[in-house]
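Readers should treat all values here as calculations from the given coordinates under stated rules, not as data from a laboratory. Just so it is clear, the structure is predicted and the values come from calculations on it, not from any experiment. Because the Cβ atoms are built from the backbone with ideal geometry, glycine has one as well, and the counts that use them run over all protein chains shown.
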Amino acid sequence: MSRRRISFRTELPLLVWLVVVWGALWRDFSPGNLVFGALIAVIVARIFYLPPVELSGRFNVLRAIPFVVVFLGKVVAASFQVMYLAIFRGPSVTNAVVAVPLRSHSDLMVTATGHVISLIPGSLVVEVDRSTSTLYIHGLNVRNDSDTAKLRREVQDTEASLIRIMGTRAEMDALQAEGWPATRGVSS
Amino acid sequence: MTPNATGVDAVIDAVTAVLLIVGALMSLGAAIGLLRFPDLMSRMHAATKPQVLGLFLVLAAIGLQLREWWVWPVLLVAWIFQLLTVPVSAHMVGRAGYRTKHLHPELLSADELEAVVLRAAGERAAEKAQEAGPDAPHSRNGGHPGGITGDSRPKGNGGASS
């Protein structure tokens with residue numbers, strides 16, 4: 001098994017997460033249990049072969065916290081929106097499948113964007129094209145071209161926020177070059 | 001958190017009741033959506049979103065009622081796993097549903113995937129015709145490197161080799 005070594009620093013978030021899951025499942029966060037959990041986490045991460053997740057090495061907590069708050073708000077909004085559409089529109093709802101090209105080609109970023117997009121109002125990932133990094137989104141209640149444009153902009157805004165949280169330097173620079181002000185909020 | 005403070009108890013009970021009822025309403029909304037939406041992919045919207053919020057509310061209610069600090073990490077982990085798995089399963093169902101034509105094209109105001117899928121299918125058919133051998137069927141699901149079946153493309157960055 002040959003595998004490119006990834007640095008301990010990029011692996012650390014995964015190990016911390018595994019230890020947290022271990023502690024939560026044992027309902028025991030005493031130091032002894034956590035050390036044992038860390039040992040198992042290291043063994044698991046070393047033995048079981050998975051393609052390494054390529055973290056960019058930077059994570060902006062100050063941008064992550066408002067993003068999480070906005071995200072939770074959108075999850076709530078999504079639930080009520082779907083409920084409203086289910087009750088009042090029902091069978092006559094109009095949808096669309098929209099292709100949204102993403103900026104980033106990193107697997108992690110495409111996955112994260114897809115996840116967030118699937119949980120916020122009105123969108124669901126139908127298909128992912130890795131070679132061109134394009135998401136095909138199924139939009140609920142998309143009636144015309146302006147709705148399509150709105151959906152596309154929302155997806156790209158989400159990706160921009162994620163890049164600002166944990167994108168690589170190169171992605172950040174591309175974002176800046178595109179004319180996204182760095183001070184722009186996370187909400188669309 | 002003090003057991004003899006009945007006022008606090010009443011407030012916590014009230015909050016719990018509200019959380020449970022709203023959470024149950026979310027599940028009801030998901031069920032209504034499953035019944036009323038016309039095609040598979042709209043139903044996946046109903047099956048994913050209200051249910052994630054509903055689970056969150058019910059878990060929060062459990063956390064409030066048990067009043068033990070150790071349930072919070074368990075509940076949080078449960079919800080995070082829900083957040084991570086729901087989009088994936090919705091994506092897989094939606095993808096399979098799209099490919100097997102479980103949708104009503106007349107209800108779509110735009111479909112930018114259709115042409116791509118048709119092109120990929122055409123290329124695959126052409127490939128199969130080219131091979132024209134007895135081993136042709138097994139290439140049906142095989143990696144089609146540049147095409148839409150992007151997830152079957154081998155990882156370029158893992159260095160996975162024997």
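Quick look at the numbers
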{"item": "Average Cα contact separation per residue, region B:20-63, under 8 Å, 6 or more apart, as relative contact order %", "result": "53"}
{"item": "Spacing of the two label points (7 Å from each Cα toward its C-beta) at B:A125 and A:F80, in nm", "result": "4.8"}
{"item": "Cα gyration tensor, region A:8-47 - rounded (a/c under 1.5), prolate or oblate", "result": "prolate"}
{"item": "Candidates A:Q156, A:Q81, A:Q176: whichever shows maximal mean-square fluctuation once chain A is modelled as a Gaussian network with Cα springs under 10 Å", "result": "A:Q176"}
{"item": "Among B:44-57, B:102-115, the order from most to least packed when residues are scored by Cβ within 10 Å on average", "result": "B:44-57, B:102-115"}
{"item": "Highest-MSF residue in chain A out of A:S30, A:S146, A:S104 [GNM, Cα springs under 10 Å]", "result": "A:S30"}
{"item": "Gyration tensor verdict on region A:27-168 (Cα atoms; rounded if a/c is under 1.5, prolate if a/b is larger than b/c, oblate otherwise)", "result": "prolate"}
{"item": "Under the Karplus curve 6.51 cos²θ - 1.76 cosθ + 1.60, θ = phi - 60°, whole-Hz ³J(HN,Hα) for region A:85-97, x wherever Gly or Pro sits", "result": "5, 5, 7, 9, 9, x, x, 8, 5, 10, 10, 7, 10"}
{"item": "Inter-centroid distance (Cα atoms) of region A:121-144 relative to region B:105-119, Å", "result": "11"}
{"item": "Other-chain or far-sequence residues with amide H under 5 Å of B:L108's (modelled H)", "result": "A:N95"}
{"item": "Residues listed by number, region A:151-181, amide nitrogen under 16 Å from A:R58 label point at 7 Å toward C-beta", "result": "A:160-181"}
{"item": "Given chain A, longest segment not containing exposed loop chymotrypsin sites (Phe, Trp or Tyr not before Pro) (DSSP; at most 14 other Cβ within 10 Å)", "result": "A:60-188"}
{"item": "Extension gain from B:A10 to B:L28, taking 0.36 nm per residue of separation minus the Cα-Cα distance", "result": "3.8 nm"}
{"item": "GNM top mover of A:V75, A:V44, A:V97 - chain A, alpha-carbon springs below 10 Å", "result": "A:V44"}
{"item": "Residue order, fewest to most beta carbons within 10 Å, for B:S27, A:S133, A:S92, A:S118", "result": "A:S92, B:S27, A:S133, A:S118"}
{"item": "GluC sites (Glu not before Pro) within region A:85-188: DSSP coil, no more than 14 neighbouring Cβ in 10 Å", "result": "A:E178"}
{"item": "Qualifying trypsin sites (Lys or Arg not before Pro) in region A:85-160, DSSP loop, other Cβ atoms within 10 Å at most 10", "result": "none"}
{"item": "Partner aspartates and glutamates for B:K101 [C-alpha distance under 12 Å; skip if fewer than 8 residues away on the same chain]", "result": "B:D39, B:E114"}
{"item": "Low-density loop positions, chymotrypsin sites (Phe, Trp or Tyr not before Pro), region B:63-99 - DSSP coil, at most 14 other Cβ in 10 Å", "result": "B:W69, B:W70"}
{"item": "Prolate/oblate/rounded label for region B:6-107 (Cα gyration tensor, a/c 1.5)", "result": "oblate"}
